1. Among 152, 42, what is the fewest-to-most ranking by other Cβ atoms within 10 Å?
2. Would you order 162, 115 from fewest to most other beta-carbon atoms within 10 Å of each residue's own beta-carbon?
3. Quick one: 30, 51, fewest Cβ neighbours within 10 Å first, how do they rank?
């Protein structure tokens, strides 16, 4: 180990000797040149816009935006929160389709009984009557007329409850080149 230290010390001394000398004139000239340059002006800091705070003070005419409105809570409560779809009943075939993908194509009447003819997006025609369900929002048919079919949907109110929403489906025009009779 002793023999390795001596040659490495000699090499280090030779390297340091090579770096020394009086040939630093060029470096000194460059340093003087950089010092003589004028400094560029520093741009001023941008002005900070002040924040105008607003304090909300509810009056009798305005409601607090952070509490649910009395109207939406009353509608979602139904009868003490009893309004909800019946998930235990058997689903009907037209409940697999969104209401906007179904078309009313006609009505039938016999012995005082009315049926609405509803076409699904595959083209199959279904016969429904008051009390049947259709659409994906638990829509129950409440009335059938020559002009359309009315129903009541039960939809999520977004606050953990359910609300009833009226919907209707109007009799649609024929689309396959046939004229309406």
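Where a number appears in this text, it was derived from the coordinates with a stated rule and is not lab data. Bear in mind the structure is a predicted one, so any value in this text is a computation, not a measurement. Heads up, the Cβs are rebuilt from the backbone with ideal geometry, glycines too, and the neighbour counts pull from every protein chain shown.
1. 42, 152
2. 115, 162
3. With the fewest neighbours first, 30, 51 line up as 51, 30.
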